[in-house]
1. Do you know which residues across the stretch 121-131 are of a type in the set (Gly, Ala, Ser) and modelled with pLDDT under 90?
Amino acid sequence: MSLREEAGRPTGLADDDGHDTPPPGRGEVRPVTAVTAKAIVPTEAPVRRGRPLRRLVLLGLLAAALGGGAYQGWQWWSVGRFFVTTDDAYVQADISILAAKVSGYLQAVPVVNGQSVAKGDVIATLDDGDYRLALQAAQDKLATQTSTIARIGRQADAAQA
């Protein structure tokens, strides 16, 4: 009997004499003969392809992970360990709020953000065009009042004479 004939027979396997034997039951030990060994062992082993490519990809991913970890570690060691971060902190700083006693347009701001200033330093220069006009109007009003007082004084002198 050939192996193809044996494979089609569900009742059992043929022994060396060609007679059918019942399939082995549970716990029953059956000696392996040449015919049963041929039926169990495949004739050709499957060829595995892609294994070197898989190893190469895994090694590449491992190298990339190690390289990224090394880079992050170097970044932390050289820069990151000096930064302090928190979610709810207050910073101690000498910050002053400037409030102008007069209003006007800014002409120049010679200081920059975060620059230290001392008492008497110029922080901002206001446009003096509005103030020159106000000064001129006040001087004109003073001259008018002065001339009015002089006129009233002459009228009083004229009334007494």
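1. Ala124
Each row is one residue, and each column tells you yes or no for (1) within 38 Å of the chain's Cα centre (by Cα); (2) among the small types (Gly, Ala, Ser); (3) at pLDDT below 90.
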{"residue": "Trp77", "(1), (2), (3)": "yes, no, no"}
{"residue": "Thr85", "(1), (2), (3)": "yes, no, yes"}
{"residue": "Ile95", "(1), (2), (3)": "yes, no, yes"}
{"residue": "Leu106", "(1), (2), (3)": "no, no, yes"}
{"residue": "Val111", "(1), (2), (3)": "yes, no, yes"}
{"residue": "Ile152", "(1), (2), (3)": "no, no, no"}
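The values are calculated or read from the model by the stated rules, or taken from the named source; none is laboratory data. Keep in mind that this is a model prediction, so the values were computed, not measured.
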